[in-house]
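Take a look at the structure set out below.
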Amino acid sequence: MEESHQRPPDPDLLERYVLGRLGPDERTQVEELLQNSSAWRDALKREQILAAGIRRLGRATIKQRLSERLRTSVHYATPWPRIALAAAVMVVVVGVGFLNRWFVPSPTPDITSLEKLAETDDRARRHQPEDKLAEQELAMTEEVPAQEGRRASGYDRPEK
Amino acid sequence: MTAHVLRNSGTTDDAEDILQEAVVVLWERVRTGTFEYAARLETFVFATAKNLWLRRLARKKREVPGLPSNNHAVDESASSLDLLIDSEEAALVHEALERLGEPCKTLLLLYYWEERTMSEIAVELGFANADTAKSKKYQCKKALEKVLDPYREDGRISSKTA
């Protein structure tokens, strides 16, 4: 078949051929056209170069991200000298701490005894006015001892 | 792998670069579902890295005649696109894409590299529908071809097959 009678290159078909998206029948058809037409072969070459260039950009983009990620992970990789320094500081701090009894726990108050203490205290506060009253009564009896004392004894002595 | 690159005219920077590229190739294959390898992953990565380096060496040799050749077989399992990626022409397309800017750069990356469908691209880039995305892709390709025209005129990108 003369080339002039062949169908012109179909960009969409060539795109899908390059990307491997053609079914078996279409693929056979394109391969036959490629075999018989220099126009189709030239068009395929252009399409392949475009696709390769685009993929090259894609790979370069990913490689750059990978490279950045690796640089970041190297930055955070185990810095042994710093760890050694931090460990040394820790040893000093802990040592000083033990010397100064920073780590000796103070006795933890027993909650039960605290509650009892609170009750006792509360009771003490509640009883205080009565106690004061009793104190006052006691003070009064001490101030008038004689009179209060006879009365207090209960004898009706005949007055002389 | 570093030793292999160093033994074959490379530097430690080359080795690092090749390793990263091999990992990216693995990622591409897994993402597109074309990864089929019976051996261990590290074996795949090493084999890929080795072949990537050989191809790069072969290209360097063409540019700098006299570099030692080691008669290693170049990876025959690589697709034609894989083989073209390291070419100078692909490098020029890469450069042209950077100049093209957005949204064309992202659209073409999503279609050709991530192999997304037009519907997915429409959603991702906020186009009305798949047809609108397809139309935009066509415009972007036209714009890219226009940027590449000077390279075709001066022969840096061949427009005809041999």
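Considering only segment B:114-146, state which residues are crowded, with 18+ Cβ neighbours inside 10 Å and in contact (Cβ under 8 Å) with a residue 24 or more places away in the chain.
B:Ala133, B:Lys136, B:Lys137, B:Cys140, B:Lys141, B:Leu144
Need pairs with beta-carbon distance below 6 Å; first residue within 7 Å of another protein chain (Cβ to nearest Cβ) and within segment A:39-53, second of a type in the set (Ser, Thr, Tyr) and part of a helix (DSSP H, G or I); sequence gap 6+ or separate chains.
A:Ala51/B:Tyr112
State all residues of segment B:125-148 that are closer than 23 Å to B:Glu95 by Cβ and either β-branched (Val, Ile, Thr) or modelled with pLDDT under 90 (or both); if no residue qualifies, say none.
B:Val147
Okay, residues lined up against (1) more than 10 Å from every other protein chain (Cβ to nearest Cβ); (2) at positive phi; (3) among the basic types (Lys, Arg):
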| position | (1), (2), (3) |
| --- | --- |
| B:Ile85 | no, no, no |
| B:Leu92 | no, no, no |
| B:Glu95 | no, no, no |
| B:Pro103 | yes, no, no |
| B:Glu124 | yes, no, no |
| B:Asn129 | yes, no, no |
| B:Lys146 | yes, no, yes |
| B:Gly155 | yes, yes, no |
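Can you spot a residue in segment A:68-80 that is within 14 Å of another protein chain (Cβ to nearest Cβ), modelled with pLDDT of 75 or more and either surrounded by 13 or more Cβ atoms within 10 Å (Cβ to Cβ) or under 27 Å from B:Val25 (Cβ atoms) (or both)? Talk me through it step by step, then tell me what you get.
Start the filter on segment A:68-80 by keeping residues that are within 14 Å of another protein chain (Cβ to nearest Cβ), which leaves A:68-71, A:73-74.
Of the ones still in play, those that are also modelled with pLDDT of 75 or more are A:68-69.
Restricting the remaining residues to those that are either surrounded by 13 or more Cβ atoms within 10 Å (Cβ to Cβ) or under 27 Å from B:Val25 (Cβ atoms) (or both) gives A:68-69.
Yes, there is a match, as at least one residue in segment A:68-80 is within 14 Å of another protein chain (Cβ to nearest Cβ), modelled with pLDDT of 75 or more and either surrounded by 13 or more Cβ atoms within 10 Å (Cβ to Cβ) or under 27 Å from B:Val25 (Cβ atoms) (or both).
The values are calculated or read from the model by the stated rules, or taken from the named source; none is laboratory data. Note that the structure is predicted; figures quoted are calculated from it, not measured. Because the Cβ atoms are built from the backbone with ideal geometry, glycine has one as well, and the counts that use them run over all protein chains shown.
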